[in-house]
1. Using a probe radius of 1.4 Å on heavy atoms only, what accessible surface per residue do you get for region 53-99? Whole Å² is fine.
2. Per 0.36 nm of contour for each residue apart, how much would the distance between ALA54 and LEU29 grow if the chain were fully extended, relative to their Cα-Cα spacing?
3. Would you tally the net charge around LEU76, using a Cβ to Cβ cut-off of less than 13 Å, leaving LEU76 out, and scoring K and R as +1, D and E as -1?
Amino acid sequence: MKRTGPSSDAGTPRRRMIMGIAAIVLLALVGVPGYLASRPGFFSRYPGLSAQYAPWATSTHAQEGCEECHVRPRLLDRSLYRIRMTGEFYVSIFSSARI
């Protein structure tokens, strides 16, 4: 017997679409900034760090991000670092005061 009305499965494609859009928005708002903030040149945008950044940028470590040396290579530690860096990304955009 086929069910009809509000309790039918007619909402399933709509729910999938909403979930897909939510996943894309989450990736755009969390994943992309976390990735960008963990890249080697992220802190170059802070004038107060130029004394530390300039020697690093010309060193053999310039292709490695801070994460490679300063974060333990465990999934939890890397994930927490990326979450923290996502916050740093948004602070760098919305804050008028730089380090």
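1. Heavy-atom SASA per residue in region 53-99 reads 76 Å².
2. Taking ALA54 through LEU29 to full extension adds about 6.0 nm, to one decimal.
3. It works out to a net charge of +4.
The values are calculated or read from the model by the stated rules, or taken from the named source; none is laboratory data. Because the structure is a prediction, the values reported are computed rather than measured. FYI the Cβ positions are ideal-geometry reconstructions off the backbone, even for glycines, and counts take in every protein chain you see. These area figures cover heavy atoms from the full protein model, side chains too; ligands, DNA and RNA do not enter into them. Shrake-Rupley method; radii C 1.70, N 1.55, O 1.52, S 1.80 Å.
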